[in-house]
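In what follows, a single structure is set out as structure tokens and then discussed.
The values are calculated or read from the model by the stated rules, or taken from the named source; none is laboratory data. Everything quoted here is computed from the prediction, not taken from an experiment. Cβ coordinates were reconstructed from backbone atoms using ideal geometry, including for glycine residues, and neighbour counts include every protein chain displayed.
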Amino acid sequence: MAFYYEEPSRTFNEYLLVPGHTPASCIPTKVSLKTPLVRYRKGEEECPLSLNIPMVSAIMAAVSDDRMAVALATEGGLSFIYGNQTIEDQAAMVSRVKQHKAGFVVSDATLSPDMTLDQVLELKEATGHSTMPVTDDGEPHGKLLGVVTERDYRLSRMSLDAKVVDFMTPREKLIVAPAETSLKEANDIIWEHKLNSLPLVDAEDRLVYMTFRKDYDSHKDNPLEMLDAEKRYIVGAGINSRDYAERVPALVEAGADVLCIDSSEGFSDWQKMTIEWVREHYGNDVKIGAGNVVDREGFRFLAEAGADFVKVGIGGGSICITRETKGIGRGQATATIEVAKARDEYFEETGIYVPICSDGGIVYDHHISLALAMGSDFVMLGRYFARFDESPSSKVVVNGTYMKEYWGEGSARARNWGRYDLGGKKSLSFEEGVDSYVPYAGSLKDNIAVTLLKIRSTMCNCGALTIPEFRDKAKLTVVSSTSIVEGGAHDVLLKDKTPYVSKVR
Ligand SMILES: NC(=O)C1=CN([C@@H]2O[C@H](COP(=O)(O)OP(=O)(O)OC[C@H]3O[C@@H](n4cnc5c(N)ncnc54)[C@H](O)[C@@H]3O)[C@@H](O)[C@H]2O)C=CC1
Ligand SMILES: O=c1[nH]c(=O)c2[nH+]cn([C@@H]3O[C@H](COP(=O)(O)O)[C@@H](O)[C@H]3O)c2[nH]1
Ligand SMILES: [K+]
């Protein structure tokens with residue numbers, strides 16, 4: 001006979017935290033959000049890889065590319081570069097994150113001397129950059145011949161056919177610095193000479209980087225940045241349980257710090273075989289998470305297989321229709337609570353702590369706090385990050401409002417990208433995700449600052465300065481549907497008809 005759970009499975013929206021005593025010492029600025037990312041012997045050693053904030057971006061083509069990875073690592077989190085692309089393309093994205101030097105920019109608006117003013121204006125329009133280096137071959141690392149800024153041309157007086165070589169500020173009039181210059185030194189030179197930009201060149205006078213006055217200010221103050229021992233950004237990458245023998249070596253070579261098997265369902269021999277292959281070839285040097293699971297058995301299976309962390313969640317994502325198409329899944333809160341118990345039980349038995357990640361279904365910022373209180377070590381978000389400037393998807397105007405495109409990895413759109421194959425005839429496949437829009441929300445930095453402030457202040461309401469303390473002290477209550485109504489604005493006539501909730505998402 002089938003097994004029946006006694007209780008229905010629940011979602012984050014059905015829970016609230018009941019505050020505890022807040023000591024005077026407990027203020028949001030003192031809260032640490034540091035949290036383990038990979039398995040370790042808790043109490044005996046430091047976790048070899050921790051996050052400075054408990055947020056990672058989803059393994060999705062509409063969410064996690066190299067630009068997102070740099071932006072999120074700057075704030076203390078981590079992106080998993082999406083795996084639904086060729087091995088070469090994915091490895092190249094990982095490699096771009098590892099090579100990114102904060103404040104040092106490889107020019108993406110480079111001119112050659114024989115280009116015309118018309119072409120300069122076109123490039124300015126396309127890239128949004130008004131400072132453009134000129135190199136002999138027009139390539140970002142060509143020999144530096146000059147720089148063009150808006151101060152070098154007057155549109156009212158000059159022909160659009162004028163050649164760059166005739167109006168650029170030539171190399172001999174430029175102040176440049178050697179490639180090894182530190183960001184701090186570059187900034188000093190910029191200030192001393194009242195410059196807006198400073199090209200860095202190698203011994204042969206080839207352009208290596210551009211540095212800009214405006215970038216220094218935004219990069220100097222990121223205390224939570226996720227950096228490796230060589231001060232490069234930390235980045236993750238998604239893999240699948242088929243082509244790992246080729247994909248994993250390429251990603252490791254490119255510098256990926258942690259991998260994650262990306263699947264709707266992780267309680268399978270495929271995932272065990274993938275982890276075993278990694279252990280056989282790399283021992284414990286390569287960190288690999290697995291999932292997704294929604295119960296104790298699924299967690300134990302992956303923990304025993306050697307997963308470095310386990311991801312929780314089936315069908316709760318905003319673009320997910322897995323529950324509707326396949327009838328599998330579980331309420332995200334119930335799944336998180338049960339898997340967190342299983343993790344603690346596994347730790348009691350073995351001394352090994354395997355972090356868990358609640359993946360999908362985070363709608364409001366306070367859902368992150370609930371997931372942490374329920375025992376999640378960190379959370380994975382797709383929709384949340386897809387709304388920002390840094391996500392790879394297009395920004396479009398829909399009914400007069402800016403939107404970003406966001407589609408599921410199991411949607412027809414994602415499958416068209418390549419990898420997806422259920423075996424058998426292609427025409428027999430079915431969709432497990434939708435293609436959608438999400439409201440454009442601006443920069444990651446601004447949004448994440450507000451989200452983190454909310455989490456920190458909720459933690460203080462519960463008297464906690466760290467995530468483990470929060471989990472120990474949290475008191476959670478299931479709410480009735482009428483108390484959910486009580487929790488929103490009610491019995492008043494709203495001046496702004498947009499519901500409050502849609503603004504705080
Ligand atoms: N978290 C969620 O609720 C969901 C997530 N997704 C996302 O959609 C994407 C695709 O997910 P899936 O369809 O689960 O991809 P998948 O590649 O894990 O699984 C697809 C099918 O291939 C089978 N399979 C896997 N490895 C195999 C191997 N080595 N040999 C033979 N068969 C093998 C699986 O059992 C499954 O039937 C992922 O990005 C996933 O995160 C999709 C649906 C739900
Ligand atoms: O049923 C699904 N069909 C899909 O096409 C799909 N694509 C992604 N995912 C999962 O959703 C998570 C992101 O969820 P949110 O947008 O709610 O943050 C992701 O992290 C995934 O776990 C999918 N689930
Ligand atoms: K859903």
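Below, the figures for the structure above:
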quantity: Residue within the range 325-334 that is under 22 Å from residue 78 (Cα atoms), within 16 Å of ligand 3 (Cβ to nearest atom), crowded, with 22+ Cβ neighbours inside 10 Å and under 27 Å from the mean Cα position of the chain (by Cα) present; calculated: yes
quantity: Leading residue by the ranking (farthest from residue 393 (Cα to Cα)) among those in the range 51-92 that are among the hydroxyl-bearing types (Ser, Thr, Tyr) and not in a helix (DSSP H, G or I); calculated: 86
quantity: Qualifying residue in the range 267-285 (condition: of a type in the set (Lys, Arg) and closer than 19 Å to residue 381 by Cα); calculated: no
quantity: Which numbered condition residue 11 misses (of (1) within 16 Å of ligand 2 (Cβ to nearest atom); (2) buried (at least 19 other Cβ atoms within 10 Å of the Cβ); (3) within 30 Å of residue 461 (Cα to Cα)); calculated: (2)
quantity: The lone exception for residue 287 - which of (1) crowded, with 19+ Cβ neighbours inside 10 Å; (2) away from ligand 3 (no atom under 16 Å from the Cβ); (3) over 21 Å from the mean Cα position of the chain (by Cα) it fails; calculated: (3)
quantity: Residue match in the range 30-41 (condition: among the charged types (D, E, K, R), touching a residue at least 60 places away in the same chain (Cβ under 8 Å) and either in contact with a His (Cβ under 7 Å, 6 or more places away or on another chain) or not assigned by TED's automatic domain parsing to the domain that holds residue 316 (or both)); calculated: no
quantity: Among the residues listed as 118, 89, the single one being more than 26 Å from residue 412 (Cβ to Cβ) and of a type in the set (Asp, Glu); calculated: 118
quantity: Residue check, residue 416 more than 30 Å from residue 446 (Cβ to Cβ), modelled with pLDDT under 95 and surrounded by fewer than 24 Cβ atoms within 10 Å (Cβ to Cβ); calculated: yes
quantity: Pairs where the first residue, in the range 386-404, is free of Cβ contacts under 8 Å to residues at least 24 places away in the same chain and the second is surrounded by 12 or more Cβ atoms within 10 Å (Cβ to Cβ), C-beta under 6 Å, 6+ apart; calculated: 394/405
quantity: Wholly within the range 422-505, helices (runs of 4 or more DSSP H) carrying at least 3 residues that are modelled with pLDDT of 95 or more; calculated: 444-461, 467-473
quantity: The range 337-370, residues that are within 16 Å of ligand 3 (Cβ to nearest atom), crowded, with 24+ Cβ neighbours inside 10 Å and among the aliphatic types (A, V, I, L, M); calculated: 362
quantity: Test result for residue 268, surrounded by fewer than 24 Cβ atoms within 10 Å (Cβ to Cβ), within 16 Å of ligand 2 (Cβ to nearest atom), within 21 Å of residue 39 (Cβ to Cβ) and of a type in the set (Gly, Ala, Ser); calculated: yes
quantity: The range 130-156, residues that are in contact with a helix residue (DSSP H, G or I) (Cβ under 8 Å, 6 or more places away or on another chain) and closer than 22 Å to residue 214 by Cβ; calculated: 130, 132, 134, 144, 146, 148, 152, 153
quantity: Check on residue 301, away from ligand 3 (no atom under 16 Å from the Cβ) and closer than 24 Å to residue 408 by Cα; calculated: no
quantity: Matching residues, the range 314-324, being free of Cβ contacts under 8 Å to residues at least 60 places away in the same chain and either more than 16 Å from ligand 3 (Cβ to nearest atom) or under 25 Å from the mean Cα position of the chain (by Cα) (or both); calculated: 314, 315
quantity: Qualifying residue in the range 375-396 (condition: within 16 Å of ligand 3 (Cβ to nearest atom), touching a Ser or Thr at 6+ places or on another chain (Cβ under 6 Å), modelled with pLDDT of 95 or more and farther than 26 Å from residue 70 by Cα); calculated: no
quantity: Selection status of residue 181, under 30 Å from residue 77 (Cα atoms) and out of contact with any Pro (no Cβ under 9 Å at 6 or more places or on another chain); calculated: yes
quantity: Per-region count, the range 258-274, residues out of contact with any strand residue (DSSP E or B) (no Cβ under 6 Å at 6 or more places or on another chain) and more than 16 Å from ligand 3 (Cβ to nearest atom); calculated: 6
quantity: Some residue of the range 97-119 being of a type outside the set (S, T, N, Q), without any contact (Cβ under 8 Å) to a residue 24 or more places away in the chain and under 30 Å from residue 243 (Cα atoms); calculated: no
